[in-house]
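No value in this document is a laboratory result; all are computed from the given coordinates. As the structure is a prediction and not an experimental result, all values here were calculated from the model. We place every Cβ from the backbone using ideal geometry, glycine too, and count neighbours over all the protein chains shown.
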Amino acid sequence: MFFPQVLAVFILSLLCQASQEIDDKYAGFPKPLTEENFKLELANGLHVVEFFSPYCSHCKQLEPKWKEAWLQMKDEGEKLGITLNQIDCVASGDLCVDEDIEYFPTLRLYGPNGFIKNYPASGKRNVASIVDFAKTEAINPDNLETLTNKSESRLIDDAEFVEMISGEAAEPYFVSFWPTETMDDFDSYSKFIGCENCSPFQRTWMLLSNRLLKYGIKSAHLNCAAHQQLCSKLGFDKLLKFDDEYAERHPRVALVLPNKTTNNLFVYDDGFTADVTPYEAFAKSIYTNNKPKSITNKQLEEMMYYKLDFSSEAYIPLNSQKIHLVFSYDPKTVVSEDFEIFEYLLHSLSRVPNVELRTSQENVMTLVRDGYEEFYSDINRYNRDSKRVLDEAFFTLTTLTQSPTFVLFKDGDVVPHVFHGYSTTEMRNPDLIMSWVMEHSKPLISKVDHTNVEELTRTNPEIYDSLTLLCVDTSDKESQKQSTESLDKFLAGYHDFEDTRMKFMFEKILNRRGRKQEIIKGLRDKNTEIDKIVGAMRIEIVHEDDRKTLLGYVDVSDVDDLLARLQVDANVARRSVGDVFIIDTKNKKLIYEDVSQSTLNSTPNNLRDTLISINIPEKADSEAPHGVPIRIFAVQNRRSSGLSFRLGHFVLLALIIIVTWKGAVFLKHLKINRIYKAKRNTTGLLGTTTYEKKNFQD
């Protein structure tokens, strides 16, 4: 008996010691904030706040992770000006009601002016993700603006808005519309009912109202509940009434251009986001493109021949490459109606990043010819075969158009793109013009990582068969220099491939023309009726321009995450500066070897031959490399079932068992929940919640 007692005492002492070590480890862990010290604590810096209930099972699961995240951020957080705090919603229920907390645990970011944003619904609730969120938000310049700025938006009523759209406004206004009746003081207002997205967008609008001033755009806000007739006519009925589609209820925004009585109201209709950037780009694009500036051939030449550079001191950062859509016209023949097309392109152009509308009275077609000459010079610098030259017949076909016309120029791209407008009809067709713009809307080379690789692989799949990625390293000056040198060779190899591709397309057109002429000749030889001959002559020759590859670059530090996103083993390929990956989107494969089964890199000839084997096998001397399979996911609706995707029928079976076993308890809780919501007048607020969020909520 004595030995078991000694053993028990020994184990108990070990447990006590372990408990003491844990307590010592988390010494200084802050107590939950209360109504008394909440605003006082928030007055200094940024805070990631967890709203929890001590009776919530998900909160209990999160507790050790939260403590560990606090420990990791304790010292670094002091330097970055961000802390982790908690609020017990049982002990401080009124505070949680005031903050519109609907579920536990809720994680939010706060600053001195109050709520900033929610923790991402898709974000994982683990230590690394919480710490990463805190660090990212601490250095986010938007949050610094949130700490220091006040809103520059002013309240307007329906009468003033009608004056604006009647052309009486002297300045452009970006106007936001809210499901509110008395939001007079924009910065302090917090009584949003039935609008989960209103509080996050309040911060967004504050930032926008300050940023847009540099473009000469002012901001205003309007209470739709107080001006229901106006908002209803604008199509903002969701802001006037409660319904079951709670998730669709969010502020709306529109830009009003000054000194115009028609085509002066542009509603942002690309869906809701709390990110400032899309709204800023929308307003800036429409306002600046409303009156296009003139551009000279000299300026366009500088754009074409600009040497893309990975250096941190580069004049044009690679992620800021511009696209100029130039309206080229002859002042002797142009008519005023030719310029009216601008108004019909404004809204569509706002969806294309970094596109600026310009006008030119100079002969820009000389730049197109010069660009092709430089294109072939670049190929011949590295080409091991015979020298390449411009085919005049091909050039004529490629640049055939009328005046006025559109020509699209990109930073660093020596070959401008000419709109094939053969008549006035095409030049006054905004849909046709925008279809052409979208075909060429990507910069010469795009930054690629795990967050956008799938989007890029879906870019115009009827035109692009692959995505070609150059591995670069931007961590230091020497690596930046090596990356730039690799880019030069990479572009030369791409140009060499493009020469083959364009000639292949031209051959197909010539072959179709030949077959058409043979058919017409055959009909004439047989003395066929004239109507049939004319019908054959009217058959249109399709000018295909596909089999293209989209260009991108990926930092070596991002390669592992990118491969993981494509579900490719990280060990299958190297990732040194100058290495190249080709994502064969048609066959869903990742190619990392060239046609000789060596590591694919930016060596121009090898890159050309490999691209030809993948995109134009009819012209290839070798078979395409086998590569490895990739998985490109379909984009999931945020309101769709992420949980069911992962667990499938097992979840369904579990739900059936739980509902059957605890039906009575479920109904009881449902009844209590309805009473609680009725008291708070929040019926319908939750709407359809994503399963990702439900995984961490009670």
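Measuring nothing but how far apart in sequence close Cα pairs (under 8 Å, 6+ apart) lie, relative to its length, the range 192-262 scores a relative contact order of 39 percent. Label 7 Å along Cα→Cβ of VAL542; the range 439-471 residues with amide nitrogen under 13 Å? Zone members listed by number: 462-463. When only alpha carbons are used to place a centre, the range 163-237 and the range 87-104 end up 28 Å from one another. Distance between the C-alpha centres of the range 270-295 and the range 332-375: 18 Å, rounded to the whole angstrom. Among LEU400, LEU408, sorting on how many other beta-carbon atoms sit within 10 Å of each Cβ, with the fewest leading, yields LEU400, LEU408.
Using the Cβ atoms and a cut-off under 15 Å, what net charge is assigned to the surroundings of ASP531, where Lys and Arg are +1 and Asp and Glu are -1? Please report the intermediate quantities before stating the final value.
On the way: positive: ARG524, LYS526, LYS532, ARG538; negative: GLU529.
Around ASP531, the surrounding residues sum to +3.
Taking a sphere under 15 Å around the Cβ of ILE217 and counting the other residues whose Cβ falls inside, with K and R at +1 and D and E at -1, yields a net charge of +4. MET183 sits among other residues whose Cβ lies under 13 Å from its own Cβ, and their net charge, with Lys and Arg +1 and Asp and Glu -1, is -3.
The modelled label-to-label distance between LYS588 and ARG524, using points 7 Å beyond Cα along the C-beta direction, is 5.1 nm. When restricted to Cα atoms, the range 470-629 yields an Rg and a Dmax of 21.8, 75 Å, respectively. Exposure proxy shown here: for THR204, THR180, THR273, the number of other Cβ atoms within 10 Å sets the order, fewest to most, as THR273, THR180, THR204. Taking Cα centre as origin and charging only the Cβ of basic (Lys, Arg, +1) and acidic (Asp, Glu, -1) residues, the dipole magnitude of the range 470-629 rounds to 1080 debye. Dipole magnitude for the range 292-442: about 260 debye, using +1 per Lys or Arg Cβ and -1 per Asp or Glu Cβ, origin at the Cα centre.
Ranking ALA536, PRO617, VAL580 by how far each Cα lies toward the positive end of the dipole of the range 470-629 (charges on Cβ) leaves ALA536 at the top. Label-to-label distance for VAL267 and VAL335 is 3.4 nm, based on points extended 7 Å past Cα in the beta-carbon direction.
Inter-part distance, the range 418-446 to the range 565-606, computed on C-alpha centroids, equals 32 Å. Here's the list of lysines a cross-link from LYS532 could span, going by alpha-carbon distance under 23 Å and ignoring same-chain residues fewer than 8 apart: LYS516, LYS521. Each of LEU523, LEU562, PRO629 was scored by the projection of its Cα onto the charge dipole of the range 470-629, and the greatest displacement toward the positive side belongs to LEU523; charges sit on the C-beta of Lys, Arg, Asp and Glu.
Mind checking the full-extension length gain between LYS291 and LEU80? Use 0.36 nm per residue of separation minus the Cα-Cα distance, one decimal, nm. Could the numbers behind the result be given before it?
Working: separation 211, 0.36 × 211 = 75.96 nm, distance 4.32 nm.
Full extension of this stretch gives 71.6 nm more.
In a DSSP loop and with at most 16 other Cβ atoms within 10 Å, the GluC sites (Glu not before Pro) in the range 27-84 are GLU35, GLU36. On the basis of the beta-carbon distance and an R0 of 22 Å, ALA570 and LYS307 show a calculated FRET efficiency of 0.10. Fully extending the segment from LEU155 to GLU362, taken as 0.36 nm per residue of separation minus the present Cα-Cα distance, adds 69.9 nm.
Each listed q (0.12, 0.13, 0.19, 0.23 Å⁻¹) maps to a log10 I(q)/I(0) for the range 25-148 from the Debye sum over equal C-alpha point scatterers, namely -0.40, -0.47, -1.08, -1.64.
Taking a ≥ b ≥ c as the square roots of the eigenvalues of the alpha-carbon gyration tensor, the range 276-323 is classed oblate because a/c is 1.5 or more while a/b is no larger than b/c. By other beta-carbon atoms within 10 Å, ranking ILE217, ILE165, ILE530 with the fewest at the front produces ILE530, ILE165, ILE217.
Of the cross-linked pairs LYS586/LYS619; LYS233/LYS284; LYS233/LYS260; LYS332/LYS508, those separated by over 29 Å at the C-alpha level are LYS332/LYS508.
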